[in-house]
Protein chains: 2
Amino acid sequence: MNGKFYGVSVGPGDPELITVKAVNTIKKCSIIIVPQTKNENMLALSIAQKSVDMTDKLIVPVRFLMSHDIEKTQENHKRSAETIMEYLRQGHDVAMLNIGDISIYSTCSYILNIIEKNGFETEVCAGVPSFCAAAARLKKPLVSRKEVLVVAPGYTDELESLMSVNGTKVIMKSGKHMNRVKKLVEKYGMSDNTIIVESCGLENERIHYGIDETENGYFSLMIIKTSEENDNA
Amino acid sequence: MNGKFYGVSVGPGDPELITVKAVNTIKKCSIIIVPQTKNENMLALSIAQKSVDMTDKLIVPVRFLMSHDIEKTQENHKRSAETIMEYLRQGHDVAMLNIGDISIYSTCSYILNIIEKNGFETEVCAGVPSFCAAAARLKKPLVSRKEVLVVAPGYTDELESLMSVNGTKVIMKSGKHMNRVKKLVEKYGMSDNTIIVESCGLENERIHYGIDETENGYFSLMIIKTSEENDNA
């Protein structure tokens, strides 16, 4: 009988922010697929390892291509899915780890979609997204009452039009676009309403209030509030 | 010595979607504050109880006013905070439970803010928001690549202007505004791109594809996708 494939969100960095469901799911799988990018050092694995003993499991790193070339990316996803389906055909249950929540800008979703289309049984474990962890760290709500929340990647073409949306903006995954994003925030006079949280819940966590010239790391997230309504109610 | 106050997110409904941090935090508190509204039946408590033994804890239900009268609401929050601070002054550690994630439209944030301003030590545990759980249930990403995510309450005045934002819209907490929201979705021709997830992860969970005349419950969440880009990559 074929194994089952689990897309498992492990949360944003703090190992305690993994869910009970993720822990239980990892425990029952014999194969653990771990995304590995040039800079990531298998972060998802190091988060999960603090909550689950994985000594009896086969850890399979899968290298993801971080490219804007869709054809190359699709090819890469197909290859990763093929590797995983081979384990499933052998009857192994397979968990693929995913930082943050799998529904928010994850490569794991593509892989799951391919595996699902190939007729395998799949299941998804939701997790804590990085922006919820950052808000908790700041002890500030993201949105209250009638406020609107906008979440966007730093490289979206629509960033400028989003600046005028009345509500809280979370800009994620800015990477090498961070300086462009910062300039846009300054242009719209929102520098003082901005907080940048870097590597939330990890050892190298840093918090910056306002926009400055500091270099920000790969796991940086920007929260831009338009109002402080919630402080008064 | 004063006790410490913890705002604890317990996730959207599935008891396994509570974090390890929430479980550990509840374990170390002697007083558990549980929001109770007319319809809620202390849902946050019943979620947490399946993961944590609470027999030795004092469970304190706090009734929240669900009103658009800001003055009355503030008065209600102050009173709830006062009750909690009395336990803190007695040296008890207090956990206040919160459905979903505390940073997204929670009353608990206001209470925490008042307690913080009164000089007590506080900490926030992030959790899985309902929209991440709904996406996991549907095995569909909310956003991929350059897509933008908009989260809004059904009663926001800006709902119509948000319909034209190019990206995934999550409309939460529609309640008695649900019919107005549905009409707006139809007006913008997005009925076929809409999925309504009711009481995700609970016994009465229901999923509706497209907009119809069905009555939807209080814990209904609408996901409106503008593209299916992510299916192709």
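The values are calculated or read from the model by the stated rules, or taken from the named source; none is laboratory data. Values in this document were obtained by computation on a predicted structure and should not be read as measured data. Heads up, the Cβs are rebuilt from the backbone with ideal geometry, glycines too, and the neighbour counts pull from every protein chain shown. Ligands, DNA and RNA are excluded from the accessible area calculation, which covers all protein heavy atoms including side chains. Shrake-Rupley method; radii C 1.70, N 1.55, O 1.52, S 1.80 Å.
A few remarks follow.
- With label points set 7 Å from Cα along Cα→Cβ, the inter-copy distances at B:K139 are 4.3 nm, sorted shortest first.
- Placing +1 on the Cβ of every Lys and Arg and -1 on the Cβ of every Asp and Glu, with nothing else charged, gives the protein assembly as shown a dipole about its Cα centre of roughly 220 debye.
- Backbone phi angles across the stretch A:91-101, fed through the Karplus curve with coefficients 6.51, -1.76 and 1.60 (θ = phi - 60°), yield HN-Hα couplings of x, 7, 7, 10, 10, 10, 7, 9, 5, x, 10 Hz in residue order; Gly and Pro are listed as x.
- Straight-line cross-link partners of B:K21 among the lysines, defined as a Cα under 22 Å from its Cα and at least 8 positions apart when in the same chain: A:K21, A:K27, A:K28, A:K50, A:K139, A:K140, B:K4, B:K50, B:K57.
- Derived scalar couplings ³J(HN,Hα) [the stretch A:73-82; Karplus, 6.51 cos²θ - 1.76 cosθ + 1.60; whole Hz; x for Gly, Pro]: 5, 4, 4, 4, 5, 4, 5, 4, 4, 4
- Linear extension gain, A:N166 paired with A:S191, 0.36 nm per residue minus alpha-carbon span: 7.4 nm
- Accessible-area loss of 50 Å² or more (1.4 Å probe, protein heavy atoms, chain alone versus all protein chains) is found in the stretch B:92-108 for B:S103, B:Y105.
- Pairs of alpha carbons in the protein assembly as shown whose separation is greater than 33 Å (percent): 34 percent
- Extension gain, A:Q74 back to A:K38 (0.36 nm per residue minus Cα-Cα distance, nm): 11.1 nm
- For B:K187, inter-copy label distances in nm, listed shortest first [label point 7 Å out on the Cα-Cβ vector]: 3.1
- Rounded to the nearest 500, the 222 nm mean residue ellipticity of chain A from helices alone is -8500 deg cm²/dmol, with -39,500 (n - 2.57) taken per DSSP H run of at least 4 residues.
- Chain A packed on chain B takes about 5100 Å² of accessible surface away from a 1.4 Å probe, both sides summed.
- Cross-link table B:K38/B:K117; B:K182/B:K225; A:K169/B:K225, entries beyond 25 Å C-alpha to C-alpha: B:K38/B:K117
- At 7 Å out from Cα toward Cβ: B:T214 inter-copy label distances (nm, ascending): 4.8
- Cα-Cα P(r), the stretch B:130-231, percent of pairs per 10 Å interval: 16, 54, 28, 2
- Its Cα gyration tensor gives the stretch B:5-125 an equivalent ellipsoid; the semi-axes, largest first and in whole Å, are 21, 17, 13.
- Intensity falloff of chain B expressed as log10 I(q)/I(0), Debye formula with alpha-carbon point scatterers, at q = 0.07, 0.16 Å⁻¹: -0.25, -1.11
- Taking the protein heavy atoms of the protein assembly as shown in the context of the full set of protein chains, the accessible area attributed to carbon and sulfur is 47 percent at 1.4 Å.
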